[in-house]
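Laboratory data are not the source of any read-out in this text; all were calculated from the coordinates shown. Computed from a predicted structure; not experimentally measured.
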Amino acid sequence: MASYGGTTQKCKACEKTVYLVDELTVDNKVYHRACFRCHHCKGTLKLSNYSSFEGVLYCQPHFDQLFKMTGSLDKSFEGAPKTARSYEVPHN
């Protein structure tokens, strides 16, 4: 039986099967390339410049607008202190 690059992994965003040709792995989570989008504006993200807060993806401008303008992530959400991850690759 031939294999067509299918995996048993499901996209974190849409929960559908991700085929190797369309697979993007970020923070040990698998996405379709087309599903790797900002939660706020739905813009397509790049590995070189995205942010993640509790597993929710954001483009850098919306991450800055939604979280950094308050000066603290704690002020943006009720409850215990949270951590955020921001990724930016230096331009050469």
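Taking amide H as placed 1.01 Å from N in the peptide plane, the amide H of residue 39 sits under 5 Å from that of 57, 58, 59, each at least 5 places away or on another chain.
Applied to the stretch 34-44, the Karplus parametrisation 6.51 cos²θ - 1.76 cosθ + 1.60 on θ = phi - 60° returns per-residue 3J(HN,Hα) values of 6, 8, 7, 10, 5, 4, 7, 9, 6, x, 5 Hz, with x for Gly and Pro. For residue 68, the lysines whose Cα comes closer than 24 Å to its Cα, not counting residues fewer than 8 places off in the same chain, are 42, 46, 82.
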